[in-house]
1. Straight-line reach from LYS106: which lysines have a Cα under 25 Å away, not including same-chain ones fewer than 8 places off?
2. Looking at region 145-303, send over the antiparallel percent of its DSSP beta bridges, to the nearest 5.
3. Give me Rg over Rh for the chain, both radii from the alpha carbons and Rh done the Kirkwood way, two decimal places.
4. May I ask for the angle, rounded to the nearest 10°, between helix 130-142 and the longest principal axis of the chain, with both axes built from Cα atoms and the value confined to 0 to 90°?
5. By per-residue mean of other Cβ atoms within 10 Å, what is the highest-first order of 87-100, 264-277?
6. Once every Cα of region 40-177 carries one equal point scatterer and solvent is ignored, give the base-10 log of I(q)/I(0) from the Debye formula at q = 0.11, 0.13, 0.16, 0.20 Å⁻¹, two decimals.
7. More than 13 angstrom separation, counting every C-alpha pair in region 133-188; what % is that?
8. Please sort by residue number the GluC sites (Glu not before Pro) in region 180-231 whose DSSP state is loop and whose Cβ has at most 11 other Cβ atoms within 10 Å.
Amino acid sequence: MIEARGLSKQYGSKRAVDNISFSIAPGKVTGFLGPNGAGKSTSMRLMLGLDRPTEGTVTVHGESYRDLPAPMGEVGALLDAKGVHPGRSARSHLRSLAATHGISDKRVDEVLGQTGLSEVAGKRVGGFSLGMGQRLGIAAALLGDPRVLILDEPVNGLDPDGVLWVRHLLRGLAAEGRTVLLSSHLMSEMAQTADHVIVLGKGKVVADAPIAEFVANGRSERVTVRTPEAAKLAALLLADNNPKVQLEPLSEGCFVTVGLTASTVGGIAARNGIELHELSPVTASLEDAYLALTRDHLEYTSA
């Protein structure tokens, strides 16, 4: 269990985290989402005692991370897979971490095998690919067989087989009753892995809900329309100047309507003698709900 209560962090004039409170429960994978600059990385650093909060508290099983007598046995974390001496081998890196907690070399070999690194255990980390570095970071997080896992972008650089492995690994660990916090910008992967989501925006919690509820609440009606009279139908759909109605072009003669039901679009087309080749509702997704929620909470936007 991870609990934050009134947690804030100020860097000069910048309030990176602003009075946030949440609980991350065991037995499920919790997705930690938010745009760049939302406060996710700062929150995770506060959880791990790498920064001190300006106000409030964050605890793991009721204790501050700094007060845990054997933190690797309680919390496994991956925040930066590159935080390894490049001249060390994968095995020597893990053995050096294990020595700080009296963890056996047998356990080192177990996590090397679990993460698929046994064959390269003697190679220097400086020669590892991005994906291999991620696997080593996950191995380090698993080393103490912790009850809590905090992972930031763990599938970055992994091939499809590696992504699938991480998904099954995290869901399996949660099924054992462990607390799993997963931060990622990959909405499609988060949708298949997480049970619950916490979304930050400009340092505040803007959503905290089971993933199915989050998607349902953030759903806007979306319909794919294909017609040889696309321009005419588009003009009719936008005639009322309703700001909630948007059209997203897909290809010639095809677009997606946002904010209108299929029956409404079909009725307008029928009354105006417009031939339709396709009229199909678009299934709601985590990405749609996330983008709709965070649109007004962006720190950085593209031109």
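1. LYS82, LYS123
2. Counting only bridges with both partners in region 145-303, antiparallel ones make up about 80 percent.
3. Values: Rg = 23.5 Å, Rh = 21.7 Å.
So for the chain, dividing Rg by the Kirkwood Rh gives 1.08.
4. 60
5. Packing proxy ranking, top to bottom: 87-100, 264-277.
6. Reported log10 I(q)/I(0), two decimals: -0.40, -0.56, -0.85, -1.28.
7. Details: 918 of 1540 pairs.
Tail fraction, whole percent: 60.
8. Those that pass, being in a loop and sparsely packed, number zero.
Readers should treat all values here as calculations from the given coordinates under stated rules, not as data from a laboratory. Just so we're clear, the structure is a prediction, and the values are computed from it rather than from any experiment. Methodologically, a virtual Cβ is constructed for each residue, glycine included, from the backbone with ideal geometry; neighbour enumeration extends over all protein chains shown.
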